[in-house]
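Notes for the one structure printed next.
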Amino acid sequence: MKKRLKRKTKNKKKAKESNLLYKYRLLSDLMNHIPDVIYFKDKKGKLIMVNEAHAKGLNLKPKEVVGKTDFDIFPKKRAKEMAKDDKYVIETGKPIIDKIERATRPDRVDNYVSTTKIPRYNDKGEIIGLVGISRDITHRMQLRHLIEEKEKFEKKLEALRESDRLKSEFITTVSHELRTPLTIIKEALMLLFDEITGPINEKQKEIIKKAHGTLEHLRHIIENLLDISKIDKGKLKLNYSLIDINELLLGSLESFKELAQEKRISLKHKIFKKPISIFMDAERIYQVISNLLGNAIKFTEENGEVLLEARILQDRVRIEVLDTGIGITQKNLPKLFNKFMQSSDLTPAKRKGLGLGLSIAKDLVEKHGGEIWAESKIGVGSKFYFTLPLYVMKGLNEPTRKKINALLNKNASTYLINLSIVNLREFRKRFEPKKFFKNLEPLIDGAFKKLYPCDIEKPQVVIHNYQSETCDILFPETRKTNANKLLTLIKQNIQAYFKKHNIENIMIKSQDLPPQTKDIQPLTAQSFVNLYLKKIYVIPELRRFKRISYKTNVEIYPYKNKRESVRSLDLSKGGICVMSPLRLRTDMQINIEMKLPPRIKPLLLKGRVAWIKKMEKTGKYKVGMEFIKLKDNKKRVLSRFVNSHYS
């Protein structure tokens, strides 16, 4: 019995020791692995135990720190502050919680720490020291400072906005107030010049003419100030109409003919041989062209040359103004389109105006969805370019243009649907384009009858352009849903037409214009207030190989030392289609690595980017790559794999 009791007592003691050992291990794990500094001090401030983090921060081992005080480790001033806190905790028994201090570690790194110190008691309830925990909160404090700086910045920004608003209001008010007296003065000068009030001599006429010129310059400054004010407030509206770009360019040149002759400057132009109609705010684009022509003549010396040129580049019209003037330094080119910017290269005599013309031109072009830029070389001349990514209509006659503009002036939503053939050469191999376009109008009429079963007026404008193989359908006074339904019905009718004539592999795709991508700035809804553009593409498919749906991860190497994992969509013996987060370049060569079961080793191939399409919903790119430099063994592997999966 005694032996059993003794054994039981021994087991209890063993279990208690085991439990204590387990708790010690838990405490040891906490002390050794927590990133926070933990330490124990006696009443005299001696460190009796520290964790790994504490010792590591001092570049010591825990046993080398034990027995030392803060005065042995830290600078005297810092140690005194720490000793003061220790004394407070030990004498009052009150803890110090989350005290934030800026400190310099022994390794001379500045940081912020949050320190908590609590009293430590013995079994009798007497304070025998303290326990301290310090945490590095440098990142937290940096974030707090950033937030505070952001708040200060936002307050300053708000104050600047208010100041800018008041300035803008002041400019608008003053400009409007100046307009009326200027008009009166202008009328008075014209009365004098035309001798309505009595005869005047030639010298007086010359003075009145100069005064009138100065008045016009002042009026121009006021108009610029008003435009800047409208742009800043977002109140500048564009009034679109269908304009013959040739007429606009020739009209702009005519305005500067006299000024160019005075300086003996040759004013030349290269414009389109046939009428080209585009949608724009004619008054505002005239303002842009006039500004560029005016500057070109102003900064070109006598016997120089100014050239106005227009080109169509894909879906854009590019206007160029080139001169043989004094040029602009490379340092000033980036600042050229800033507000109130006048080149420091100019003499004071040539620094007339407020430097707003190019800034306004930039805003007007960008509001149209275009771009503007300049190139220049001192002593050689300058080249100014701007683009208008607007829908172009070729060979449009005046009555049709007037009819379209009359529809736009009704302030009702009007949809312009353009149908065109992609890859005309391939299409001609399968069907005669003129025959297709001649049969297109009944297909469009059929779509309208399905959309509106009751009698309704046909689309008011249907324009066939057999030369460029396009067709334009103007669908006025309608809603977006009806326009989309009409678009779908036209596509269905065209597909049925091709099926009836046994024409295979023709894709019919549609999209809004211009392409909604980050690379080409889209026209905003505010730009085309009442005109919405849609496109139908008729695309003969050029697939030379059978394609299979094959969705798997593929590794591509688009650039040196860069690897990218992409998702494949389909595969053929001649190429692969993938979805990529990268915007690859057309014609760039890429190494491709993919697995084709049951092969164990990945197949290594070389590819060339054939086409790219941006997917708006995901922001990724659909990329078609054709295989190049394929060896016979790899051709066989691809052929076997595709044929085995093709159905």
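The values are calculated or read from the model by the stated rules, or taken from the named source; none is laboratory data. Fair warning: this is a prediction, and the values are worked out from it, not measured in the lab. Cβ sites come from the backbone with ideal geometry, for glycine too, and all protein chains shown count toward neighbours. Only protein heavy atoms, including side chains, enter the accessible area calculation; ligands, DNA and RNA are left aside. Shrake-Rupley method; radii C 1.70, N 1.55, O 1.52, S 1.80 Å.
Can you pull out the residues in the stretch 599-647 that are touching an Asp or Glu at 6+ places or on another chain (Cβ under 9 Å) and more than 17 Å from C577 (Cα to Cα)?
P602
Given the conditions (1) in contact with a Lys or Arg (Cβ under 9 Å, 6 or more places away or on another chain); (2) surrounded by fewer than 15 Cβ atoms within 10 Å (Cβ to Cβ); (3) not in a strand (DSSP E or B), which single one is not true for R567?
(3)
Residues that are at pLDDT 80 or above and under 28 Å from N409 (Cα atoms): find the strands (runs of 3 or more DSSP E) completely inside the stretch 216-321 holding 2 or more of those.
Working: elements: 241-244, 266-270, 276-280, 305-313.
By residue number, 241-244, 276-280, 305-313.
When you check G575 against the structure, is it within 26 Å of the chain's Cα centre (by Cα), within 23 Å of N423 (Cβ to Cβ), at pLDDT 85 or above and of a type outside the set (V, I, T), yes or no?
On the way: within 26 Å of the chain's Cα centre (by Cα): no; within 23 Å of N423 (Cβ to Cβ): yes; at pLDDT 85 or above: yes; of a type outside the set (V, I, T): yes.
Against the criterion (within 26 Å of the chain's Cα centre (by Cα), within 23 Å of N423 (Cβ to Cβ), at pLDDT 85 or above and of a type outside the set (V, I, T)), G575 does not qualify.
Just to be sure before I move on: is R161 modelled with pLDDT under 75 and either more than 17 Å from H212 (Cα to Cα) or surrounded by 11 or more Cβ atoms within 10 Å (Cβ to Cβ) (or both) in the structure I sent? Lay out the reasoning, then the answer.
Details: modelled with pLDDT under 75: no; either more than 17 Å from H212 (Cα to Cα) or surrounded by 11 or more Cβ atoms within 10 Å (Cβ to Cβ) (or both): yes.
In short, no.
Among residues belonging to the stretch 628-647 that are within 13 Å of D570 (Cα to Cα) and open to solvent by 60 Å² or more (accessible area, probe 1.4 Å), point out the one that is modelled with the lowest pLDDT.
To start, the set of residues in the stretch 628-647 that are within 13 Å of D570 (Cα to Cα) comprises 638, 641-642, 645-646.
If we keep only those that are open to solvent by 60 Å² or more (accessible area, probe 1.4 Å) as well, we get 645-646.
Working: H645: 75, Y646: 63.
Selected residue: Y646.
Only one residue in F437, F431 is assigned to a helix (DSSP H, G or I), at pLDDT 75 or above and out of contact with any helix residue (DSSP H, G or I) (no Cβ under 6 Å at 6 or more places or on another chain). Which one? Reasoning before the result, please.
Numbers: F431 fails: assigned to a helix (DSSP H, G or I).
The match here is F437.
Residues that are at pLDDT 65 or above, in contact with a strand residue (DSSP E or B) (Cβ under 9 Å, 6 or more places away or on another chain), open to solvent by less than 70 Å² (accessible area, probe 1.4 Å) and more than 29 Å from P442 (Cα to Cα): does the stretch 498-514 have at least one?
no
Residues that are touching a His at 6+ places or on another chain (Cβ under 6 Å) and at negative phi: does the stretch 429-444 have at least one? Break it down stepwise before answering.
Filtering the stretch 429-444 for residues touching a His at 6+ places or on another chain (Cβ under 6 Å) gives 437.
Next, only the ones that are at negative phi stay: 437.
Scanning the stretch 429-444 turns up at least one residue that is touching a His at 6+ places or on another chain (Cβ under 6 Å) and at negative phi.
Residue under question is M82, and the condition is that it be closer than 18 Å to I133 by Cα, among the aliphatic types (A, V, I, L, M), part of a strand (DSSP E or B) and modelled with pLDDT of 85 or more; does it hold?
Numbers: closer than 18 Å to I133 by Cα: yes; among the aliphatic types (A, V, I, L, M): yes; part of a strand (DSSP E or B): no; modelled with pLDDT of 85 or more: yes.
Criteria not met by M82.
Can you spot a residue in the stretch 612-621 that is at pLDDT 90 or above and either crowded, with 18+ Cβ neighbours inside 10 Å or not aliphatic (A, V, I, L, M) (or both)? Before the answer, list the steps.
Start the filter on the stretch 612-621 by keeping residues that are at pLDDT 90 or above, which leaves none.
For the stretch 612-621, residues at pLDDT 90 or above and either crowded, with 18+ Cβ neighbours inside 10 Å or not aliphatic (A, V, I, L, M) (or both): absent.
I185 is checked against (1) closer than 30 Å to I222 by Cα; (2) surrounded by 13 or more Cβ atoms within 10 Å (Cβ to Cβ); (3) modelled with pLDDT of 80 or more; (4) of a type in the set (A, V, I, L, M) and fails just one. What number does that condition carry?
(3)
Keeping to the stretch 55-82, report how many residues are among the polar types (S, T, N, Q) and in contact with a strand residue (DSSP E or B) (Cβ under 6 Å, 6 or more places away or on another chain).
Here is the first cut: in the stretch 55-82, the residues among the polar types (S, T, N, Q) are 59, 69.
Okay, now just the ones that are also in contact with a strand residue (DSSP E or B) (Cβ under 6 Å, 6 or more places away or on another chain), so none.
Residues that pass the stated criteria total 0.
Considering the stretch 12-31 alone, what residues qualify as being within 22 Å of A53 (Cα to Cα) and polar (S, T, N, Q)?
Selection gives S28 alone.
Residue-by-condition table, conditions (1) open to solvent by 20 Å² or more (accessible area, probe 1.4 Å); (2) under 21 Å from E371 (Cα atoms):
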{"residue": "E301", "(1), (2)": "yes, no"}
{"residue": "L307", "(1), (2)": "yes, yes"}
{"residue": "A310", "(1), (2)": "no, yes"}
{"residue": "R316", "(1), (2)": "yes, yes"}
{"residue": "I319", "(1), (2)": "no, yes"}
{"residue": "D323", "(1), (2)": "yes, yes"}
{"residue": "I326", "(1), (2)": "yes, no"}
{"residue": "K331", "(1), (2)": "yes, yes"}
{"residue": "P334", "(1), (2)": "yes, yes"}
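Considering only residues of the stretch 381-427 that are touching a Gly at 6+ places or on another chain (Cβ under 8 Å) and modelled with pLDDT of 70 or more, which is farthest from M280 (Cα to Cα)? It would help to see each step written out before you state the result.
Within the stretch 381-427, the subset touching a Gly at 6+ places or on another chain (Cβ under 8 Å) is 381-382, 386-390.
From the residues that got through so far, the ones that are modelled with pLDDT of 70 or more too are 381-382, 386-389.
Details: G381: 29, S382: 26, F386: 14, T387: 12, L388: 8, P389: 10 Å.
Looking at residues that are touching a Gly at 6+ places or on another chain (Cβ under 8 Å) and modelled with pLDDT of 70 or more, I get G381.
Consider only pairs whose beta carbons are under 7 Å apart and that are at least six residues apart or on different chains; among these, list those whose first residue lies in the stretch 30-57 and is under 18 Å from F71 (Cβ atoms) and whose second residue is outside any helix (DSSP H, G or I) and modelled with pLDDT under 85.
Within 7 Å, the pairs are G57/R105.
Residues being part of a helix (DSSP H, G or I) and either open to solvent by less than 80 Å² (accessible area, probe 1.4 Å) or among the hydrophobic types (A, V, I, L, M, F, W, C) (or both): count how many of those fall in the stretch 47-71. Please lay out each step first, then the result.
Step one: list which residues in the stretch 47-71 are part of a helix (DSSP H, G or I), which gives 52-57, 62-65, 70-71.
Restricting the remaining residues to those that are either open to solvent by less than 80 Å² (accessible area, probe 1.4 Å) or among the hydrophobic types (A, V, I, L, M, F, W, C) (or both) gives 53-55, 57, 62, 65, 70-71.
Number of matching residues: 8.
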